[in-house]
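Here, each number is a calculation from the coordinates, and none is a lab measurement. No experiment lies behind these values; they were computed from the predicted model shown. Neighbour counts are summed over all protein chains in view; Cβ atoms, including those assigned to glycine, are modelled from backbone coordinates with ideal geometry.
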Amino acid sequence: MDTSKISGVGLGLRDEFVSELLTSIENGCPPNRIGWLEILADNYFSQGGRHLHRLASLREHWPVVLHSVGLNVGSAEGPNMQKAAQMRRLVQEFRPAWVSDHLAWTGISGKYIPDLLPLPYTVESVEVVAANIRLLREYLDCPFIIENISSYACFQNSEMTEVEFLLAVVQQAGCGILLDLNNIYVNSQNHGYDAKKFLQQIPRERVVQFHIAGHTSQKGFLLDTHGAAIAPDVWDLATIAAQLFPGVPVCLERDNDIPALGELLRESEQAADIFYGRPPRRVCLEAMEDRLCY
């Protein structure tokens with residue numbers, strides 16, 4: 001199988017799915033609704049042996065991308081190079097189409113913080129993040145894209161809007177965007193902006209990948225929990241995104257209250273209908289090089 005192509009609907013790989021996917025391969029009937037896998041690389045930084053062997057078996061059947069929550073892209077102290085070294089080993093072994101992380105900071109003074117913390121939307125922050133992305137891209141020797149986060153606080157010293165900040169970062173860093181549609185919707189509700197106008201401001205050529213996931217409501221605001229089915233309003237936003245950014249691959253994420261794989265595959269069918277029609281439109285990596293390299 002040609003594993004150099006990322007297209008259609010992918011699945012965020014979680015431990016709960018690994019055995020079932022491997023069994024499906026052994027039985028000669030892997031789910032054809034899964035076009036590719038997004039590996040949460042941090043789960044494999046300290047694991048070897050059997051875990052990486054199982055991952056390698058999946059890689060033989062599906063193309064992959066690597067996703068991280070801990071490279072500390074937004075840190076004024078620079079990226080977490082210990083985690084970057086672990087990521088580089090995975091890049092060399094599994095040959096992902098690209099690596100992604102979040103427009104956030106996750107540590108200070110050598111201490112890792114297990115959360116995606118927001119940045120002030122300032123020119124200084126743009127310069128810091130862009131420099132960190134360029135450093136990581138060169139160090140990893142792999143295309144690198146950045147994801148918009150959900151946030152629950154605003155900085156008084158911000159000099160631009162969220163979407164202006166995102167675009168300034170990717171322009172200065174020369175990278176593409178992993179556009180999380182659920183995060184856009186959550187922020188639009190919590191911070192009071194128009195999600196559709198957010199999408200309309202993003203240049204089509206910058207968007208390399210989508211994330212789509214579920215959220216929950218708590219005490220009058222939304223939480224990006226990845227612990228529920230995708231909400232109707234997020235599907236509506238996905239319909240708009242599919243029209244604005246045709247052919248971009250989309251990944252389903254689920255991290256909490258993880259259901260049976262079959263339930264997620266039903267969501268993948270809905271995503272395929274919205275983003276590509278039936279069957280999903282195939283978009284090869286070579287056709288996306290202008291989105292990965294600037």
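Figures for the structure shown
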{"quantity": "Burial order of peptide ranges 223-231, 51-59 (average beta-carbon count within 10 Å, highest first)", "calculated": "223-231, 51-59"}
{"quantity": "Candidate lysines - alpha carbon under 16 Å from Lys197, same-chain residues fewer than 8 apart omitted", "calculated": "none"}
{"quantity": "Separation of the Tyr152 and Asn27 label points, Cα + 7 Å toward Cβ, nm", "calculated": "4.0"}
{"quantity": "Calculated FRET value between Gln82 and Ile113, using beta carbons and R₀ = 22 Å, to 0.05", "calculated": "0.90"}
{"quantity": "Unit charges on C-beta of K, R, D, E only; dipole of the chain, Debye", "calculated": "440"}
{"quantity": "At least 30 Å along the helix axis (C-alpha) and Kyte average at least 1.6, DSSP helices within the chain", "calculated": "none"}
{"quantity": "Segment Glu20-Arg95, extension gain: residue separation times 0.36 nm, minus the distance between their alpha carbons", "calculated": "24.7 nm"}
{"quantity": "Whole-angstrom gap from the range 230-266 to the range 49-115, using each part's C-alpha centre", "calculated": "23"}
{"quantity": "Neighbourhood charge, 11 Å Cβ-Cβ cut-off, centred on Leu37 and excluding it, Lys, Arg +1 and Asp, Glu -1", "calculated": "+1"}
{"quantity": "Extension gain, Gln171 back to Ala260 (0.36 nm per residue minus Cα-Cα distance, nm)", "calculated": "28.0 nm"}
{"quantity": "Candidate lysines - alpha carbon under 25 Å from Lys83, same-chain residues fewer than 8 apart omitted", "calculated": "Lys111"}
{"quantity": "DSSP-loop GluC sites (Glu not before Pro) across the range 1-102, with at most 12 other Cβ within 10 angstrom", "calculated": "Glu60"}
{"quantity": "Ranked by how many other beta carbons lie within 10 Å on average, peptides 135-142, 205-212 from highest", "calculated": "205-212, 135-142"}
{"quantity": "Cα-Cα pairs of the chain separated by more than 34 Å (percent)", "calculated": "14"}
{"quantity": "For Val64, Val250, Val73, order by how many other beta-carbon atoms lie within 10 Å, fewest first", "calculated": "Val64, Val250, Val73"}
{"quantity": "Neighbour-count order for Asp101, Asp236, Asp42, fewest beta carbons within 10 angstrom listed first", "calculated": "Asp236, Asp42, Asp101"}
{"quantity": "Per-residue [θ]222 nm for the chain (sum of -39500 (n - 2.57) over DSSP H runs n ≥ 4, rounded to 500)", "calculated": "-12000 deg cm²/dmol"}
